[in-house]
Amino acid sequence: MSPAATPELRLVLAVSLDGRLAPAEGGAAQLGGAADRQVLEQALAWADAVLVGAETLRRHGSTCLIHSPGLLAARRSEGRSAQPIAIAVSRSGRLPAALPFFRQPLERWLLQAAPLPPDAPAEGFERHLPLDGWPRALAALAALGQRRIAVLGGAQLAAALAAEDLLDELQLTICPRLLGGPHGWLPADACVAPGIRTGWQLVEHRALPGEELLLRWRRPGAQGVTS
């Protein structure tokens, strides 16, 4: 669970009935319909920033954007940017320059796990931060004003945060498909922190059009706003 000095983290995913993010053969599953898109955009509107893994960006080419005029207007009325900052998480810091991600109308930051000098360039990114441990990296993001962060995947990123008990909320859209295979939203070999294994409280459950189901769980005492 995030201490007060770190942002609130909400993991936002669409998963199959058997908890998979991708089909057995790999690649993007394209889960979630129009209703899932709506609740995803609501989570983006809540967030100051999003975390997205480099492999997820390579597979999908881009990150999610808010398109709803009402949500965009609400963010602007609060003095916020139209889109949350997109923070790419990468070991190498190398992402193909041709990705549509680099042409999307948003601010891009990079969290890089490999050692980097303070003045290291990060082409295509407005800010370049070291990932030398998640608690320290999240505290740095909080100090830069990123207090509410939506985590958009993939599975390795979710597993890294779950291993250190850093997730405050899970927002899952269950989609009416069976995919099979190894690509669960947490990897089979994920090590989950003991404190995060139990104690989740269901704060929302809602049937969505298209036979989808929205489920949200929070940790007791989680910081921040719940909607």
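The values are calculated or read from the model by the stated rules, or taken from the named source; none is laboratory data. The structure presented is a predicted model; accordingly, all values stated were derived computationally and were not measured. Backbone-built Cβ (ideal geometry, glycine too); neighbour counts: all protein chains shown. The accessibility values were calculated without ligands, DNA or RNA, using every heavy atom of the protein model including side chains. Shrake-Rupley method; radii C 1.70, N 1.55, O 1.52, S 1.80 Å.
See the values below:
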{"read-out": "Subset tally (residues that are buried (at least 21 other Cβ atoms within 10 Å of the Cβ) and part of a loop (DSSP other than H, G, I, E, B)) for region 167-177", "value": "2"}
{"read-out": "Which numbered condition SER81 fails, given (1) hydroxyl-bearing (Ser, Thr, Tyr); (2) in contact (Cβ under 8 Å) with a residue 40 or more places away in the chain; (3) within 22 Å of PRO7 (Cβ to Cβ)", "value": "(2)"}
{"read-out": "Residues (touching a strand residue (DSSP E or B) at 6+ places or on another chain (Cβ under 8 Å) and either of a type in the set (Val, Ile, Thr) or surrounded by 19 or more Cβ atoms within 10 Å (Cβ to Cβ) (or both)) located in region 178-205", "value": "LEU179, HIS183, GLY184, TRP185, VAL203"}
{"read-out": "Residue count for region 48-75, restricted to those that are assigned to a helix (DSSP H, G or I) and more than 16 Å from GLN38 (Cα to Cα)", "value": "7"}
{"read-out": "Hits in region 12-29 (condition: open to solvent by 30 Å² or more (accessible area, probe 1.4 Å), in a loop (DSSP other than H, G, I, E, B) and either charged (D, E, K, R) or more than 14 Å from LEU152 (Cβ to Cβ) (or both))", "value": "LEU17, ASP18, ALA24, GLU25"}
{"read-out": "The lone exception for TRP134 - which of (1) open to solvent by less than 50 Å² (accessible area, probe 1.4 Å); (2) without any contact (Cβ under 8 Å) to a residue 24 or more places away in the chain it fails", "value": "(2)"}
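Rundown of residues vs (1) at pLDDT below 95; (2) under 19 Å from the mean Cα position of the chain (by Cα); (3) of a type in the set (Phe, Trp, Tyr); (4) under 20 Å from LEU17 (Cβ atoms), yes/no style:
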site	(1), (2), (3), (4)
GLY153	yes, yes, no, yes
LEU167	no, yes, no, no
ASP189	yes, no, no, no
VAL192	yes, yes, no, no
ILE196	yes, yes, no, no
GLY199	yes, no, no, no
ALA207	no, no, no, yes
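Rundown of residues vs (1) assigned to a helix (DSSP H, G or I); (2) at pLDDT below 95; (3) within 18 Å of GLU164 (Cβ to Cβ), yes/no style:
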site: ALA86; (1), (2), (3): no, no, no
site: TRP109; (1), (2), (3): no, no, no
site: ALA114; (1), (2), (3): no, yes, no
site: PRO117; (1), (2), (3): no, yes, no
site: ALA137; (1), (2), (3): yes, no, yes
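Residues are listed down the side, and each one gets a yes or a no for (1) out of contact with any helix residue (DSSP H, G or I) (no Cβ under 9 Å at 6 or more places or on another chain); (2) surrounded by fewer than 22 Cβ atoms within 10 Å (Cβ to Cβ):
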residue	(1), (2)
ARG10	no, no
LEU31	yes, yes
SER68	no, yes
LEU71	no, yes
